[in-house]
Number of protein chains: 2
Amino acid sequence: MAATEISSPKRDHLMATAWRLFYRDGLRVVGIDTILAEAGVAKMTLYNHFASKEELIIAILEKRDREFRESIAARVDAAGPDPVARLLAVFDWLEGWFASEGFKGCVFIRALSEYPEPTHPIHQTAWRHKIAIQAALTNLCAAAGAKDPAALANTLSLLIDGAIVAAHATQTTAPAHAARATAASLLKLATA
Amino acid sequence: MAATEISSPKRDHLMATAWRLFYRDGLRVVGIDTILAEAGVAKMTLYNHFASKEELIIAILEKRDREFRESIAARVDAAGPDPVARLLAVFDWLEGWFASEGFKGCVFIRALSEYPEPTHPIHQTAWRHKIAIQAALTNLCAAAGAKDPAALANTLSLLIDGAIVAAHATQTTAPAHAARATAASLLKLATA
DNA sequence: AATAAAATAGACAGGTCTGTATATTTTATG
DNA sequence: CATAAAATATACAGACCTGTCTATTTTATT
């Protein structure tokens, strides 16, 4: 039976359990059996929903991509109408993320690292997320009056990814502040 | 017999082979047997030189750390006496690295991702490298007249790590240019 | 040449991994 | 209730993993 993509309780539960373990310990190091034992689900159930571990990982990454972007968008909207505040809200969101319990970096950056071959489906799925984030940033930069919004968004993306890695290793929120301050400076330069 | 740290031809050869495979495919996915087969060395020889795979990885990371910093320092010195040129030379070095054959990102960032637990010896070894790079950047920023060289170096580190991840995924040198231009702008701001 | 050190092959332990097969039981749905 | 779908337990294949052990051979050093 081919793997379905339709949502179902078992499928959702498997994805939630797998996500937790993958994020905590790593994509390669967590085995199918561990996920099944933790979820209390039979092996064939997993393989009826997902053709392979790779497909499970990709499904999780795509789900996290949606959730991530929705979460950021909510924070941006909560910042009100001022376009500068909206852009900087992204960095406030970052700070909250860095401070969250069990923060261990960005699963997408980690996926890029764990599957370093650029042609690998998991690598490509992870990078698509970064592209999508950058597109959202471009809109915010444009609204804030940046002369070259795509270029600024690109630079801010570098800053954000660097901050994520630093926050992961140091387990502090300081990188969010540094990135935020730099973003504010760069935005000022880009609109002057 | 305890693992020695003294350099020897076999030890060096093992480290070179392991480095190549680890960088190409990943730390966790490359097994001891694969390294041995590729190096043409007996298993007991490896385990006489290294107590474990973990120790082998750490030895390689520490070696790469030294080589990395020496390579950057050489490029900086080749840039001459102008302190601004010296700082920006780091980004030229980045560009050359991104363009190199088989570039797959930074093994230290990848190690942070593959061993996401901050207390893990490999994670900590990888982060020490980033700290060391930041210290060198601080010196360059100070020489270039930055008012808060440590803060600027910290920000440039974020930029650099973000650029490395982006260059890895896109397989282009563009992130080096973006980072370089941003670094020049930030330096100007920090010295004004 | 004699001795000590290093490296070798190969088997082995005990565990892990992904994915498949089978036969049974539970759960939905008409 | 009857039928179909989903999920179950369990075993299995075949490969991989790290690290150890032993007995032998090669390489250095004196």
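The values are calculated or read from the model by the stated rules, or taken from the named source; none is laboratory data. Predicted model only: the values in this text are computed from it and were never measured. Don't worry about glycine lacking a Cβ; one is built from the backbone with ideal geometry, like all the others, and counts go over all protein chains shown. When the accessible area is computed, the model is the full protein with side chains, heavy atoms only, and any ligands, DNA or RNA have been set aside. Shrake-Rupley method; radii C 1.70, N 1.55, O 1.52, S 1.80 Å.
Considering region B:1-79, the qualifying helices (runs of 4 or more DSSP H), each wholly inside and each with 3 or more residues that are under 22 Å from the mean Cα position of the chain (by Cα), run over B:9-25, B:53-78. For A:Ser71, the conditions (1) within 29 Å of A:Leu189 (Cβ to Cβ); (2) within 15 Å of DNA strand D (Cβ to nearest atom); (3) of a type in the set (Ser, Thr, Tyr) all hold with the exception of (2). Scanning region A:113-144 for residues that are crowded, with 23+ Cβ neighbours inside 10 Å, touching a Ser or Thr at 6+ places or on another chain (Cβ under 8 Å) and closer than 16 Å to A:Ile60 by Cβ turns up just one, A:Glu114. Test A:Phe91 against the criterion of being assigned to a helix (DSSP H, G or I), in the same structural domain as A:Ala153 (by TED's automatic domain parsing) and in contact (Cβ under 8 Å) with a residue 60 or more places away in the chain, and give yes or no. Against the criterion (assigned to a helix (DSSP H, G or I), in the same structural domain as A:Ala153 (by TED's automatic domain parsing) and in contact (Cβ under 8 Å) with a residue 60 or more places away in the chain), A:Phe91 qualifies. Here region B:19-33 is the region considered, the condition is being within 14 Å of DNA strand C (Cβ to nearest atom) and either aliphatic (A, V, I, L, M) or without any contact (Cβ under 8 Å) to a residue 24 or more places away in the chain (or both), and the residue that is nearest to A:Leu27 (Cα to Cα) is B:Val29. Would you confirm, using the coordinates I've provided, whether B:Ala176 is open to solvent by less than 20 Å² (accessible area, probe 1.4 Å) and either within 18 Å of A:Leu156 (Cβ to Cβ) or at pLDDT 95 or above (or both)? Spelling it out, B:Ala176 is indeed open to solvent by less than 20 Å² (accessible area, probe 1.4 Å) and either within 18 Å of A:Leu156 (Cβ to Cβ) or at pLDDT 95 or above (or both). Looking only at residues that are more than 14 Å from chain B (Cβ to nearest Cβ) and acidic (Asp, Glu) in region A:21-62, which one is surrounded by the fewest Cβ atoms within 10 Å (Cβ to Cβ)? Only one residue tops the list, namely A:Asp33. Only one of the numbered conditions (1) farther than 17 Å from B:Thr182 by Cβ; (2) open to solvent by 40 Å² or more (accessible area, probe 1.4 Å) is violated by A:Ala169, and that is (2).
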